[in-house]
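In what follows, a single structure is set out as structure tokens and then discussed.
Derivation of every value follows stated rules applied to the coordinates shown; laboratory data play no part. As the structure is a prediction and not an experimental result, all values here were calculated from the model. Glycine gets a Cβ as well: all are built from the backbone with ideal geometry, and neighbour counts include every protein chain shown.
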Amino acid sequence: MGMLRSLVLAISLLLGAVAAAEAWSLTVSAAISMKDAVTEIGRGFAAGRPGVTVLYNWGSSGELQKQIEAGAPVDVFISAAQLQMDELDRRGLIVPGGRRVFARNVLTVVKPADSRVDIAKAEDLAAARITRIVVGNPRTVPAGQYAEESLRALGLWDRVRGKLIFAENVRQALDYVARGEVDAGFVYTTDAAVRGGAVKEAFRPAEDSYRPIVYPAAVVAATRQPGLAQAFVERLVSREGQAVLARFGFQPSPVGVR
Amino acid sequence: MMSPDNLTALRLSLQVAVAATALNALVGIPIAYLLARRRFWGKSLLDLAVMLPLVLPPTVVGYYLIVLLGRRGVLGAPLYELSGFTVAFTWYAAVIAATVMALPLLVRTARAAIESVDRDLERAAYTLGRSELRTVLEVTLPLARNGILAGLVLAFARALGEFGATLMLAGNIPGRTATVPLSIYTAVQTGESAEALGLVVALTALSCLVLVAANRLGARPA
């Protein structure tokens, strides 16, 4: 029974460690393309506020939107597109006055770092040598929605459709490329930078082929700590926040866009 | 209640489950026999490996399958070099994931059924000059038939409901790898609860049928 006893002990220790981490917490649901930058900004945010912990819920903006609609206990929502935020606004689920657009991004097509497949322009995606292309599922993933927009504008959607593999979020798309499971994938330039050793840029779709990629953030209406939540949103547009975002390759928020 | 997309998912699920059950019969019945009747080196290791998917999270099984069969996997890389074919994100990937996840249910049930066959009858066959293979085919398996069939039915049900390992190895591609459980997940995520409901009802009804069939055959849930 020695083994059983040590198992019970190990589980109790783990439970104790988990319980100790609970304190004043702010839950931020954020588009997964923002993972590295927002974690960094949140670290600075919590550092100046003793006792405050920031918890993150990463996913595709569409998935996070549905969770908030279903009543998820979230304080701040950060979306990779206006569409999902507009939808929550329409349903009265966010605080409209505190909504801020705080960053912009650019779409790119990447291939595995060791790929020998020649992909230099959008038309190449339709070539027979390319069999699998990953995009975020356009139903829930903004990066996939932008990719679909771009492919349609370039007249390529119907020609590449049979090659498309849908990912649950943009980082999964990135991972499929990094693992070499697909020939190419649509991600943001900031994602490509995160896995610089495993993927390389093939080409960038013309920026006028999709709508501008902007990130809005807002306080969720059901929050029990609106002050703290709004402070987090303001941190994103602050000088400190913008400096972190620039370091991760995001472009500054356009003036006057909400 | 059943949209064309739902029907596609349902047909795909049935195809995957049938194929996985066939593979299970091919692989699982010999394993069950070996575990029930033979002593050999590594027997408890084989037993452990086959039973692991029963307790491991499907995502862990999915991870192993990617390491094994991905385009850069242990088996996947040479296969891709030789043939340009990759299992991941295809219909086959869904079948493999479902097969591995369902295997313990068949092996457990079939092993118990084979163990309950009277050994004297097998010995009698041997004394009459029958080889082991013929004894298995003419004596052991026919006597263990109900238990093996029940195991196959349970494996079919498990294959029908497989989610995690399938998602990881086969992805969630509508019409190709998006089986009913995956389609339900997508439908709920995108807020299409009517779509989800249709599939939920269909899968529940199908699973009830399967359980009733397994009970009739005298299987205890493994």
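Centre-to-centre, using Cα atoms only, region A:172-198 and region A:141-170 are separated by 15 Å. Rounded to the nearest 10 degrees, what's the angle between the helix A:142-153 long axis and the longest principal axis of chain A, both from Cα atoms, 0 to 90? Taking the Cα atoms of chain A, the angle to A:142-153 is about 20 degrees.
Show that you can apply the helix-only estimate: for chain A, add -39,500 (n - 2.57) for every DSSP H stretch of four or more residues, divide by all residues, and state [θ] at 222 nm to the nearest 500.
Value at 222 nm, helices only: -11500 deg cm²/dmol.
Put a plus charge on the Cβ of each Lys and Arg, a minus charge on the Cβ of each Asp and Glu, and nothing anywhere else: the dipole of the protein assembly as shown about its Cα centre is then about 760 debye. Placing unit charges on each Cβ (+1 for Lys and Arg, -1 for Asp and Glu) gives chain A a dipole about its Cα centre, and among A:P112, A:Q145, A:S209 the Cα reaching farthest toward its positive end belongs to A:P112.
Separation of region B:1-59 from region A:210-258 is 48 Å, based on Cα centroids.
Each stretch of four or more DSSP H residues adds -39500 (n - 2.57); spread over every residue of chain B, this sum gives -24000 deg cm²/dmol at 222 nm. When Rg and Dmax are taken over the Cα atoms of region A:27-185, they come to 17.7, 57 Å. In terms of distances greater than 19 angstrom between alpha carbons, the cross-link table entries A:K111/A:K163; A:K121/A:K163; A:K35/A:K111 yield A:K35/A:K111.
Along the axis of the charge dipole computed for chain B (Cβ charges of +1 for Lys and Arg, -1 for Asp and Glu, origin at the Cα centre), the listed residues B:P53, B:P30, B:V180 are led at the positive end by B:P30. Relative protection proxy for B:104-111, A:241-248, from highest mean packing down: B:104-111, A:241-248 (other beta-carbon atoms within 10 angstrom). The distance linking region B:63-116 with region A:33-83 is 37 Å (Cα centroid to Cα centroid, whole angstrom). Here region B:118-222 is treated with +1 on each Lys and Arg Cβ and -1 on each Asp and Glu Cβ, and its dipole about the Cα centre works out to around 240 debye. On the principal axes of its alpha-carbon atoms, region B:122-197 has extents of 66, 23, 17 Å, going from largest to smallest. Under the membrane-span-like helix rule (DSSP H runs whose alpha carbons stretch at least 20 Å along the helix axis, mean Kyte-Doolittle hydropathy 0.0 or higher), chain B yields B:4-37, B:91-115, B:145-161, B:193-216. Each of B:T140, B:L160, B:A194 was placed along the dipole of region B:128-209 (beta-carbon charges, centred on the mean Cα), and the one lying farthest toward the positive end is B:T140. Charge dipole of region B:20-102 (Cα centre as origin; +1 on each Lys and Arg Cβ, -1 on each Asp and Glu Cβ, all else neutral): 260 debye, rounded to the nearest 20. For the pair A:R91 and A:R247, label points projected 7 Å from Cα toward Cβ lie 3.6 nm apart. With K and R counted +1 and D and E -1, the other residues having a Cβ less than 15 Å from that of A:E149 yield a net charge of +1.
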